[in-house]
1. Looking at (1) outside any helix (DSSP H, G or I); (2) without any contact (Cβ under 8 Å) to a residue 60 or more places away in the chain; (3) within 24 Å of VAL135 (Cα to Cα), can you tell me which one SER93 breaks?
2. Please verify whether segment 27-41 includes one or more residues that are out of contact with any Ser or Thr (no Cβ under 8 Å at 6 or more places or on another chain), modelled with pLDDT of 95 or more and among the aliphatic types (A, V, I, L, M).
3. Would you please name the residue that is surrounded by the most Cβ atoms within 10 Å (Cβ to Cβ), looking only at residues in segment 94-120 that are under 17 Å from ARG79 (Cβ atoms) and of a type in the set (Lys, Arg)?
4. Given the conditions (1) more than 22 Å from MET1 (Cβ to Cβ); (2) touching a residue at least 12 places away in the same chain (Cβ under 8 Å), report the number of the one that VAL37 does not fulfil.
5. Residue check: is PHE47 in contact (Cβ under 8 Å) with a residue 24 or more places away in the chain, in a helix (DSSP H, G or I), touching a strand residue (DSSP E or B) at 6+ places or on another chain (Cβ under 7 Å) and not assigned by TED's automatic domain parsing to the domain that holds ASP144?
6. Anything in segment 98-148 that is of a type in the set (Phe, Trp, Tyr), assigned to a strand (DSSP E or B) and either out of contact with any Asp or Glu (no Cβ under 7 Å at 6 or more places or on another chain) or free of Cβ contacts under 8 Å to residues at least 12 places away in the same chain (or both)? List them, or say none.
7. Tell me whether segment 76-89 contains one or more residues that are in a loop (DSSP other than H, G, I, E, B) and surrounded by fewer than 18 Cβ atoms within 10 Å (Cβ to Cβ).
Amino acid sequence: MVQKSKVDWWVFLLAWAGPVIPAVLGFYFWLIGNQPVPGQALLLVAFVTALIVLAFTTPMRYQIEDGEIAVRFGLFRVRIRVDEVVEVVPSFSLLSSPAWSLDRIKIHFERNGKIRTLLISPEDKHAFMEHLIEVDEGLEWDGDSGGVKRKGRME
């Protein structure tokens, strides 16, 4: 199962404002303002910023296969074994994460004896969590949180 990131238009615009604003100013200074050096510097900033945004965001997808959750965000990948998952709950956290939306799920997983978290925003959160339960019989729906938890685990 592969899902793309859900996209909030304002998060997308905010991320792309970083390269667009210097590009517009750069063209203005270079072509209209007759100041080529500052204009070219701003265009360079815009180009580098666009590369950084692309490096972290394209593609942005989440996949469950072979007992793993694979999170791909740009040039980077995070893999979580499904049997490491302790709990998955809905979240609207503002923390930075590989997600184009604030309508997210927070995955709590245990690795090396420590509980870690990862925020993602699959297009269909319910289907994503349902697929986790299908893949790992040790996970079940948690009516209190609206998410998924490991059976028999006491918090």
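The values are calculated or read from the model by the stated rules, or taken from the named source; none is laboratory data. Everything quoted here is computed from the prediction, not taken from an experiment. Here the Cβ positions follow ideal geometry from the backbone for every residue, glycine too, while neighbour counts run over all protein chains shown.
1. The single condition SER93 does not satisfy is (3).
2. Within segment 27-41, one or more residues are out of contact with any Ser or Thr (no Cβ under 8 Å at 6 or more places or on another chain), modelled with pLDDT of 95 or more and among the aliphatic types (A, V, I, L, M).
3. My answer is ARG116.
4. (2)
5. Values: in contact (Cβ under 8 Å) with a residue 24 or more places away in the chain: yes; in a helix (DSSP H, G or I): yes; touching a strand residue (DSSP E or B) at 6+ places or on another chain (Cβ under 7 Å): no; not assigned by TED's automatic domain parsing to the domain that holds ASP144: yes.
No.
6. Filtering segment 98-148 for residues of a type in the set (Phe, Trp, Tyr) gives 100, 109, 128, 141.
Going one step further and asking which of them are assigned to a strand (DSSP E or B), we end up with 100, 109, 141.
TRP141 - this is the single residue of segment 98-148 that is of a type in the set (Phe, Trp, Tyr), assigned to a strand (DSSP E or B) and either out of contact with any Asp or Glu (no Cβ under 7 Å at 6 or more places or on another chain) or free of Cβ contacts under 8 Å to residues at least 12 places away in the same chain (or both).
7. Going through segment 76-89, the residues in a loop (DSSP other than H, G, I, E, B) turn out to be none.
There is no residue in segment 76-89 that is in a loop (DSSP other than H, G, I, E, B) and surrounded by fewer than 18 Cβ atoms within 10 Å (Cβ to Cβ).
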